[in-house]
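**Student:** Before I ask anything, let me first share the structure, which is written out below as structure tokens.
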Amino acid sequence: MAHAPEAHAGEAHAHAEEAFIWKYVFSKNHRVIGVQYYITAMVMALVAGLLAMLIRLQLAWPAKDWGVLAKFFPMGYDVGGGFGVMRPEFYAMLFTMHGTIMVFFVLSTAPVSGFGNLLIPLQAGARDMAFPFLNGLSFWTFFVGCVVILTSFFVGAGAAAGGWTAYPPLSALKGAVPGSEMGQTFWIVGMVFFIASFTMGGLNFVTTIINLRTKGLSPLRMPMTLWAMFLVAVLGLLAFPALVAACIMLIFDRHFGTSFFLPTGLVLNNAPLLGPDGKFLHQGGSPLLWQHLFWFLGHPEVYILMLPALGFTSDILTNFARKPLFGYKSMVGAMCAIGGLSFIVWGHHMFVSGMNPYLAMAFAVGTILIAVPSAVKVFNWLATLRGARIRFNTPMLWAMGVVSLFISGGLSGVWLAQSAPDIQLHDTMFVAAHFHLIMAGAALFGVFGATSYWFPKMFGRMMNDNLGKAHFWFTFIAYYCTFFPMHYIGIAGHLRRIYDPYQYEFLKPLQPINEFITISALVLGVSQILFFINFFWSAFAGKKAGENPWDANGLEWTTASPPPHGNWPGPIPEVHRWPYEYANPDFPKDHVMQTEPLSAAEQRVMAAEGPSRHEH
């Protein structure tokens, strides 16, 4: 590795004052860009959350007249004769765009692009990202993608309505559903902008972590968050090209008459799709090709969302437990194993596609294997907490919430990893419960925990702890009340993506549970007002934070809050030990900074026994 601790060194000491537009809009500063990503993701989360509330209202009371909502969403409700009953095609658009925005434009963005930009240079000991201009360009590319996605709601017959996975032929035939017109094309274009942005960011992440680490920061002295960001960048760089290729082929199918995903013999609205010569318009395509390409990205994407939360959790748990992280090397190995295995298990999303049972068995075995490194992480967290003097501040509550969701969501994943139960449960609410706990919930709780923990490095102020705790408990309880009952109704046969469940007699008894879930979801949504109040009030009027308000020991806590341009006003500190040096008996404080040189006693131990926990 080529250390470059003084990269951009001159900028830290001779930085001319910039105009507002270059300092806060078209910025090249990693901290400002991280905040831009984060705020943009918050806006997108508001949109996705509103869509989720409409979905839940429809599932609880599908025939109810929502006259007020019809005034705000006239394209989605039948308003003739005073009725405001949701249209089925509008419902399809809701769950399509909710999933798309949450997975890609919120939960892939806030933890990775937001906190990745904020923390990588600080934790690695670099002045900035390796390519500051490319970093700014990646944000504005992402911003254009957000604009395109939001604009799709207002074009033609509305936004895409073929599901967030965009399966052909619904996504490939313009007349399949109303959203298959221009809305689906906007979806594809928006996704291409998102992927381009993520690719630029991933290249920056990998280059910065490999080449710009400060002196002494060996790979096994890196904090778990830095490891998570490195692995996420690698996953994205290897997996996203498959979806880019699929999107290009889908554009050609939609607009240029190709048949990559469209098979022979398609019938649309009871009419066969024939060309001028009387033959079928499309020949020989395979919708399953899209599924393979999409899920080759899709399953690594699950860990692109989750790995940052796991890294945040490790950093926060050790701090507020005031204990060293148990099994550091095994934790690093577990994250690498999870990332590697994620590339060989995409087929478990396709058990119902008619694949060969022997191939399904191979995907099932690979999926079950992921439970092993996942269990390693859980047991190491629990071992870290055992006998600890825990400080129950807001970041710690969110970190423990991640552990809870990771366990409860992971247990249902064991069911879905096997083809026999998965075929029965595949298109039911059981799957929705699973991924909202293990993927969406863990990622969301990780973002909330990271926000409250690293808020001083974002704005130089502290979030209100009491308001943060109230937000946690409302969110934690409402989240479980919303998604845990979905396991039950899924086992009972409640389908996903269904406009009116109660058209089926056997699902009518489930309406009271759906009503309970919807009320819980509304409480969950309203609870986020506490977070928005706390976030924006604290950013401008919160208590000013010191350099190290949490008594932590990573490199990011050796500079001012917020960090100046170039992160450190003087030379970049040198690293002498790992980032989890708590309760060291050789020091009077219960935490030792990474920059603290080894004591004489530690040097004697190293000379006699070789590298210890200080020199991983």
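The values are calculated or read from the model by the stated rules, or taken from the named source; none is laboratory data. Just so it is clear, the model here is predicted, and its values are computed rather than measured. Ideal geometry is used to build each Cβ from the backbone, glycine not excepted, and the neighbour counts take in all protein chains shown. Heavy atoms of the whole protein, side chains included, go into the accessibility calculation; ligands, DNA and RNA do not. Shrake-Rupley method; radii C 1.70, N 1.55, O 1.52, S 1.80 Å.
**Student:** When residue 177 is evaluated against the numbered criteria (1) closer than 30 Å to residue 21 by Cβ; (2) open to solvent by 10 Å² or more (accessible area, probe 1.4 Å); (3) β-branched (Val, Ile, Thr), which criterion, by number, is the only one it fails?
**Tutor:** In the conditions (1) closer than 30 Å to residue 21 by Cβ; (2) open to solvent by 10 Å² or more (accessible area, probe 1.4 Å); (3) β-branched (Val, Ile, Thr), residue 177 misses (1) alone.
**Student:** How many of the residues in the stretch 315-346 are over 19 Å from residue 388 (Cβ atoms) and of a type outside the set (A, V, I, L, M)?
**Tutor:** Total satisfying the criteria: 8.
**Student:** Follow-up. Could you check, for the stretch 155-172, whether at least one of its residues is assigned to a helix (DSSP H, G or I) and either within 30 Å of residue 128 (Cα to Cα) or out of contact with any Lys or Arg (no Cβ under 7 Å at 6 or more places or on another chain) (or both)?
**Tutor:** No; the residues of the stretch 155-172 include none that is assigned to a helix (DSSP H, G or I) and either within 30 Å of residue 128 (Cα to Cα) or out of contact with any Lys or Arg (no Cβ under 7 Å at 6 or more places or on another chain) (or both).
**Student:** Ok, one more. Hey, can you tell me all the residues within the stretch 86-142 that are open to solvent by less than 20 Å² (accessible area, probe 1.4 Å), under 18 Å from residue 565 (Cβ atoms) and either among the basic types (Lys, Arg) or in a helix (DSSP H, G or I) (or both)?
**Tutor:** Matches in the stretch 86-142: 117, 118, 119, 120, 121, 122, 123, 124, 127, 135, 136, 139.
**Student:** How many residues are assigned to a helix (DSSP H, G or I) and open to solvent by less than 40 Å² (accessible area, probe 1.4 Å) if we restrict to the stretch 273-292?
**Tutor:** Selection size over the stretch 273-292: 3.
**Student:** In addition: Could you tell me whether residue 313 is open to solvent by less than 50 Å² (accessible area, probe 1.4 Å), of a type in the set (Val, Ile, Thr), over 30 Å from residue 199 (Cα atoms) and assigned to a helix (DSSP H, G or I)?
**Tutor:** no
**Student:** Which residues, taken from the stretch 34-70, are open to solvent by less than 40 Å² (accessible area, probe 1.4 Å) and without any contact (Cβ under 8 Å) to a residue 24 or more places away in the chain?
**Tutor:** If the condition is that a residue be open to solvent by less than 40 Å² (accessible area, probe 1.4 Å) and without any contact (Cβ under 8 Å) to a residue 24 or more places away in the chain, then 67, 69, 70 are the ones that fit.
**Student:** State which residue is surrounded by the fewest Cβ atoms within 10 Å (Cβ to Cβ) when the search covers only the stretch 453-462 and only residues that are part of a helix (DSSP H, G or I) and not hydrophobic (A, V, I, L, M, F, W, C).
**Tutor:** Looking at residues that are part of a helix (DSSP H, G or I) and not hydrophobic (A, V, I, L, M, F, W, C), I get 457.
**Student:** Can you confirm whether residue 323 is open to solvent by 10 Å² or more (accessible area, probe 1.4 Å), among the basic types (Lys, Arg) and in contact with a helix residue (DSSP H, G or I) (Cβ under 8 Å, 6 or more places away or on another chain)?
**Tutor:** It is true that residue 323 is open to solvent by 10 Å² or more (accessible area, probe 1.4 Å), among the basic types (Lys, Arg) and in contact with a helix residue (DSSP H, G or I) (Cβ under 8 Å, 6 or more places away or on another chain).
**Student:** Which fully enclosed helices (runs of 4 or more DSSP H) of the stretch 371-452 have 1 or more residues being on the phi > 0 side of the Ramachandran plot and touching a residue at least 40 places away in the same chain (Cβ under 8 Å)?
**Tutor:** none
**Student:** Can you tell me how many residues within the stretch 501-559 are farther than 30 Å from residue 124 by Cα and among the acidic types (Asp, Glu)?
**Tutor:** Residues in the stretch 501-559 being farther than 30 Å from residue 124 by Cα and among the acidic types (Asp, Glu): 2 in total.
**Student:** So which residues in the stretch 560-607 are of a type in the set (S, T, N, Q) and either open to solvent by less than 30 Å² (accessible area, probe 1.4 Å) or within 21 Å of residue 223 (Cβ to Cβ) (or both), if there are any at all?
**Tutor:** 561, 567, 584, 594, 595, 599 - these are the residues of the stretch 560-607 that are of a type in the set (S, T, N, Q) and either open to solvent by less than 30 Å² (accessible area, probe 1.4 Å) or within 21 Å of residue 223 (Cβ to Cβ) (or both).
**Student:** Let me ask something else. How many of the residues in the stretch 254-272 are within 35 Å of the chain's Cα centre (by Cα) and surrounded by 12 or more Cβ atoms within 10 Å (Cβ to Cβ)?
**Tutor:** 7
**Student:** Under the condition of being on the phi > 0 side of the Ramachandran plot and more than 22 Å from the chain's Cα centre (by Cα), which residue from the stretch 152-170 is least open to solvent (accessible area, probe 1.4 Å)?
**Tutor:** 158
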